[in-house]
Amino acid sequence: MEMSTIDLRNRGKPTVLSYCTGGEVFCSSMLLKSAISRSEDDLFRSHFVRDLVQCSMSAEPHASYPSSKSVPKTIIQFWDNPVAIPNDVSRCMESWHQVRHEGFSLTCFDDSSARRFIANNLESRHVRALDACYHPAMRSDYFRLCFIGLFGGCYIDADDAYSGEALGPVFADGRLKLHPLCYDALSGGMVPQNVFTKRGANSQNWIFYFNNNPLIAPPQHPIVLRALERSTSILNEMTSDDLPEIQSTTGPGNLTASVVAHAMICRGSNLGALMTMLDWERFATTVWPLSYRIDARNWRLSNKQPFTPLR
């Protein structure tokens, strides 16, 4: 079995993260349970992502990577109600129309079309999981895992504005590309990327994680499929009265836990590779002063609360 390895340096102690690129499955149930257990430990997960990010997985951000699968030039977005997209959000979404000149397809899904896609392409438990997502942000989170997990491509949030930078290099190989972030729990703000990515940079108040926007992957990437399975299982185990934490159930927490579990197991065939994408700001800017952020449509204001759509 061939492997590529990444040497992660953690306070002087080397940790080898192996990505299997061929061969049989050697994962025992004990290893699987142990990996999943560790990946659910918030502190361990944050430290793992910190070391992964700070080791600078690729000195050349868009260098070619040998893979039998490529990332389709497909971009998807989501807004729950297509006739109620706020004007300021619509302008963000319209900024991406120009990528069609680069040969990209661009599609915006809504609640109805997303549910139809899942019903046509996945199982009834996936439809139940979508129906259990009580907020539009959850449905957006869950749907992107379904679509990108099956067909690959790129998911971009509706509140990201395109910079005009050519996207072709981002799709040039078959790696999963994720954007790392770091939250400072003490200040309640984000740590600048040029600070948290420096080797050795750390604080007991920092939480390192991977954002689920953008989500760029070839079809059936094992990390995306693991994230889909994890969220599907959680949502199907809920009762009708449950309102789980959004970010850890379907959002960045779910994806980050899946990255860590996958990396620890790392005993399957055709697992591909993960690239930490440190230059996403070249391509897009998240627009913060938007009208929907001041009401219940903002998931941060509706987390673990019943949601009533605005009329």
**OP:** Tell me, please, whether a residue that is of a type in the set (G, A, S), within 15 Å of the chain's Cα centre (by Cα) and at pLDDT 95 or above can be found in segment 102-117.
**Re:** no
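Among the residues in segment 271-282, are any β-branched (V, I, T), under 14 Å from the mean Cα position of the chain (by Cα) and either surrounded by fewer than 18 Cβ atoms within 10 Å (Cβ to Cβ) or on the phi < 0 side of the Ramachandran plot (or both)?
Yes: one or more hits.
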**OP:** Run N205 past the list (1) over 28 Å from K69 (Cβ atoms); (2) at pLDDT below 95; (3) over 19 Å from the mean Cα position of the chain (by Cα) and report the number of the one that doesn't hold.
**Re:** (2)
Original post:
Quick check: is even one residue across segment 54-64 crowded, with 16+ Cβ neighbours inside 10 Å and at pLDDT 95 or above?
Top reply: no
Subject >> First in segment 284-311 and on the phi > 0 side of the Ramachandran plot, second anywhere and aliphatic (A, V, I, L, M) and surrounded by 15 or more Cβ atoms within 10 Å (Cβ to Cβ), Cβ under 7 Å, 6 or more apart >> reply: K304/L243
Original post:
Given the conditions (1) in contact with a Ser or Thr (Cβ under 8 Å, 6 or more places away or on another chain); (2) at pLDDT below 85; (3) not β-branched (V, I, T), which single one is not true for K69?
Top reply: (1)
Original post:
Can we say V191 is of a type in the set (V, I, T), closer than 27 Å to A129 by Cα and surrounded by 15 or more Cβ atoms within 10 Å (Cβ to Cβ)?
Top reply: no
Subject >> Residues that are touching a strand residue (DSSP E or B) at 6+ places or on another chain (Cβ under 8 Å) and part of a loop (DSSP other than H, G, I, E, B), drawn from segment 186-211 >> reply: V191, T197, R199, S203, N205, N211
Subject >> Conditions (1) closer than 20 Å to I75 by Cβ; (2) assigned to a strand (DSSP E or B): number failed by G174 >> reply: (2)
Original post:
Is it the case that G164 is modelled with pLDDT of 95 or more, part of a loop (DSSP other than H, G, I, E, B), closer than 21 Å to D279 by Cβ and not charged (D, E, K, R)?
Top reply: yes
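The values are calculated or read from the model by the stated rules, or taken from the named source; none is laboratory data. Because the structure is predicted, anything quoted here is derived from the model rather than measured. Positions of Cβ are generated from backbone atoms using ideal geometry, with glycine treated the same way; all protein chains shown enter the neighbour counts.
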